[in-house]
Each structure stands twice: as structure tokens, then as C-alpha cells.
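Since the structure comes first, as C-alpha cells, the remarks are kept for the end.
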Amino acid sequence: MGGGHQQTQSWLFKGVALFTPAFDLVYGLDVSKQGRWHHHLCSVLQGRLDLPEPPLFLCPAYTATVDFWVDLPTQQLSVVAEAHPLVWSQRFLLDVLFEHPAMIQLPWQQLTSSSLSHDLRSIESYRPRFPQLWQHHNLVHGLESPTPTVSSPPILVENPVSYTLRLYVSGHSLATAQTLKTLHGLLPQCLAAPYTLKIVDVTRQPELAERDQVTATPTLVRVSPPPLRRLVGKLDDLATLQWLLEDPPPLY
């Protein structure tokens, strides 16, 4: 694997990915959201694959984007994730590359194109001049925005306390997706502080479940601030969540 995954530490960023027809990949993480990343990534491909010129013809058919921002009226983190049909099969790789510190599941949307067949014919016409793009080079190259990143999420309400939570689930089912949706709706109502919600699949990481004494799913674990607390079962009750997150927490 060429290059490296340079994960940003900012909670607000835009991610742009550019694939080749052979599914080599260059991508950028932009905290300023002002860069012309498609042009820049084409230039990176030109240099890495020794192309005669930047392959701008790959845009937008071989691109995907992710954008995180704060919705000011609700003060909630929002995200849009879009991929073109030709790279739709690569969204699981993109989930890893554009993983958010709060472990938010990316809500991928497939962009439609009325001229996809035309785009494919047009891109194919470049093959004789750019044969490297149709050869797999095992290339995954990540670039960071030069803008300084921040090491913590934006604090929307002044509060010195931050929370770390783990949600234990069993596989990625519709029930798991609904639990995540419910929690992302309720947690901002309970907390006037930043929080990190980490998803743990007990079928893949049973050692973590054993460490936190989790015997059923779904289970929400308050890791910090101490003491450690667990909430098992349905996680759609606001009052119960407030008990889990109450600060300072009462004694057991």
C-alpha cells in the first residue's frame, strides 16, 4: 500500500477521494474546506503514476466526498457522504479513510448520472495515452490539509467535562442502525459537553466486551468521566440516559 492513512484530528473536515479505473486511490482531508482538491489530487496521480498530464477527465465519475459540519440551530454534528456509481463499491474503504473521531456511521448516498454511459466511453478514450490508470499499483495515498488541525471537538456549550461512551452491538443490523440513530438524537439533549461515542461489535472484539463486563447487546457504557456505568437494552429513554450521564454521578 503506497502512501499512508493520515487521519485528521479535526472534528469538522471535508474528505475528497479520487480513484483510477483500476481502483488505485488518492484522497485528501481538508479542515479549511477551501481547497480545490479534485485538481490537486489529479496532480498527485500525475506525479505518482508518471502521467503525461493531470487526469482531470476522472472527475467527477471516479470521485467521492464526505463533509462534516455543525448545524448551528441544533448544535448537532451533521454529515453528507456522496459517491458516484463507479466508486460505490469502494465505500467500505472510504469508511475507514474518513472515519470520524465520534465513530459516526457515514450515510452514503449514490449520486445519479444521466450520462454515465457517455462518461465511461469518454474516459475509455484516454486509455491509450494514460495506460497506467488501468493498471493496479496498490496505491492508497493520503494528503492532509496544511491548515492546522485541532485536537478536540468544538465545544458548543462551555463545560469542562467531556464524555467517552462505548456502544456494544452484535453485528451491523437494521436494529444497530436504529440504535445509533436514536442515540445521536438523544445524546445532545442530555449533554452540554463534547462526547465520543465508539461502536464496538462484540462478534469482532469479544475481549473488549469481556473487559467492560458486557453480556448482552445493545449496551451503552460510560467510560469517562468515572465511575464506569452500563445501560443495557433499549436506549431510547431520555431519563435513563440522563441517569447514565449525570454529572457528578451518584454512588452505585
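The values are calculated or read from the model by the stated rules, or taken from the named source; none is laboratory data. None of these values were measured; they are calculated from a predicted model. Here the Cβ is made from the backbone with ideal geometry for all residues, glycine too, and neighbour counts use every protein chain on show. Keep in mind that these areas ignore ligands, DNA and RNA; they rest on the heavy atoms of the full protein, side chains included. Shrake-Rupley method; radii C 1.70, N 1.55, O 1.52, S 1.80 Å.
Observations on the model:
- Computed E for LYS198/HIS39 - FRET, C-beta separation, R0 45 angstrom, nearest 0.05: 0.80
- Largest-first ellipsoid semi-axes for the stretch 42-120, taking √(5λ) over the Cα gyration tensor eigenvalues, angstrom: 28, 16, 12
- Carbon and sulfur %, accessible surface of the stretch 66-140 computed with the full protein complex present, 1.4 Å: 53 percent
- Fully extending the segment from GLU53 to ASP212 would add 51.9 nm, taking 0.36 nm per residue of separation and subtracting the current Cα-Cα distance.
- Note that the stretch 190-243 presents 53 Å² accessible area per residue, ligands and nucleic acids not counted, probe 1.4 Å.
- For the stretch 88-145, the solvent-accessible area with a 1.4 angstrom probe is 59 square angstrom per residue.
- Segment SER32..SER173, full-extension length gain: 47.3 nm, with 0.36 nm per residue of separation and the alpha-carbon distance subtracted.
- Residue-level accessible surface for THR203, protein heavy atoms, 1.4 Å, Å²: 90 Å²
- Residue order for CYS59, CYS42 - accessible surface, 1.4 angstrom probe, largest first: CYS59, CYS42
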